[in-house]
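Reading through the structure tokens given below for one structure.
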Amino acid sequence: MGCCDLHFRRGGAADDESRWGVEVPPGIDPTKAHPSRRYNYWLGGKDNFAVDRESAETVASAFPTVRLSACENRAFLKRVVTYLAGEAGIHQFLDIGTGLPSAGNVHEVAQAIEPTSRIVYVDNDPVVLVHARALLTSAPAGRTAYIEADLRDPEKILADTDLAHTLDLSRPVALMLVATMHFVTDEHDPYGIVRRLLSALPSGSHLVMTHATNDFLTPEQYAESVEANERSGVPFRLRSTEEFTRFFDGLELLPPGITSVVDWRPEIPEEQRPSVADVSMLCAVARVP
């Protein structure tokens, strides 16, 4: 069953209590929406709170096809990891903004192709940590690690001992920023964050990124989307193709270049793919020279 075939789990505070027990695990604020749990809801998962579902529905009020976008983004992730671990020969992955584990996690896809693949997952949601420690288990020949850190603090990520013990930064690494950078608003210097992360990686490494775009919105629709995202309680920044392209300055874009996640090395005929406008998610893969 694909993620788009799953059914949403709806409920309120009572459901949250029954899932976690009398008390929510330490470090988790069930009154504040989080991107990873909201994404989990859109994919049909159960690991989310009422506030996450409310936030997700607020976004959907301005972008009704957001669930489709989340599903297509996840499908792209599987295709790109398959390409990197196979044809590109990349066997190390730094996946920032991991989100909650679901079918087809990076290590599962990569290690099915190359069992020695090594993966470091990074997320700042304690719910993700709870699940990651239990579910993101490596194949015997490879290795996985999980770091609890914020993308907006790249120095903490790069200095983490688990990263150093898991990845060999003298060999190529795929930096995965999938549906992540649109949560980094301009005041946090998103382009500087990506440059800093890439500066730690050797030649032959790859940058993989997907990003929500405003390319297909009228000025009125854009204003409505901005307002809905503000009400959702999760900072969010739509970016145009021109703004997205800036993340890849100095890198070697791989074919097909900057495109929609729908059209990146697709596995189904064009007439069977969803509308690029309905998905509204840009992507690209580039090599570090």
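Brief remarks on what is shown
- Projected-area average for the stretch 68-137 over all orientations - Cα convex hull basis, square nanometres: 4.6 nm²
- Among 248, 236, 216: highest mean-square fluctuation, GNM of the chain, C-alpha pairs under 10 Å: 216
- J(HN,Hα) series, the stretch 154-160, from Karplus relation 6.51 cos²θ - 1.76 cosθ + 1.60, nearest Hz, glycine and proline x: x, 5, 5, 4, 5, 8, 5
- Converting the Cα gyration tensor eigenvalues of the stretch 35-184 into ellipsoid dimensions via √(5λ) gives semi-axes, longest first, of 26, 17, 14 Å.
- Whole-Hz ³J(HN,Hα) from phi, Karplus 6.51 cos²θ - 1.76 cosθ + 1.60, for the stretch 39-46, glycine and proline x: 4, 4, 5, 4, 7, x, x, 10
- Alpha-carbon Rg with Dmax, taken over the stretch 136-249, Å: 16.6, 53
- For residue 289, the shell of other residues with beta-carbons less than 15 Å away shows a net charge of 0, using +1 for Lys and Arg and -1 for Asp and Glu.
- Selected from 179, 139, 200 as most flexible by GNM, with the chain as the system and alpha-carbon contacts under 10 Å: 200
- The share of C-alpha pairs in the chain whose separation exceeds 26 Å stands at 41 percent.
- Lysines whose Cα lies under 26 Å from that of residue 78, excluding same-chain neighbours fewer than 8 positions away: 46
- DSSP bridge orientation in the chain - percent antiparallel, rounded to nearest 5: 35 percent
- In the chain, Cα pairs under 8 Å separated by at least six residues give a relative contact order of 18 percent.
- A simple count of charges around residue 178, restricted to other residues whose Cβ falls under 9 Å of its Cβ and scoring Lys, Arg +1 and Asp, Glu -1, yields 0.
- Residue-count net charge about residue 76 - beta-carbon cut-off 14 Å; Lys, Arg +1, Asp, Glu -1: +1
- Of 60, 159, 85, the residue with the greatest mean-square motion in the GNM of the chain, using alpha carbon springs below 10 Å, is 159.
- Here's how it looks for residue 178: its modeled amide H is under 5 Å from those of 96, 210, which are all 5 or more places away or on a different chain.
- In order through the stretch 47-54: 3J(HN,Hα) via Karplus (6.51 cos²θ - 1.76 cosθ + 1.60), integer Hz, x for Gly, Pro: 8, 8, 9, 4, 5, 5, 5, 5
Every number in this text was worked out from the coordinates using simple rules, so none of it is lab data. Predicted model only: the values in this text are computed from it and were never measured. No Cβ is skipped: glycine too gets one built from the backbone with ideal geometry, and neighbour counts run over all protein chains shown.
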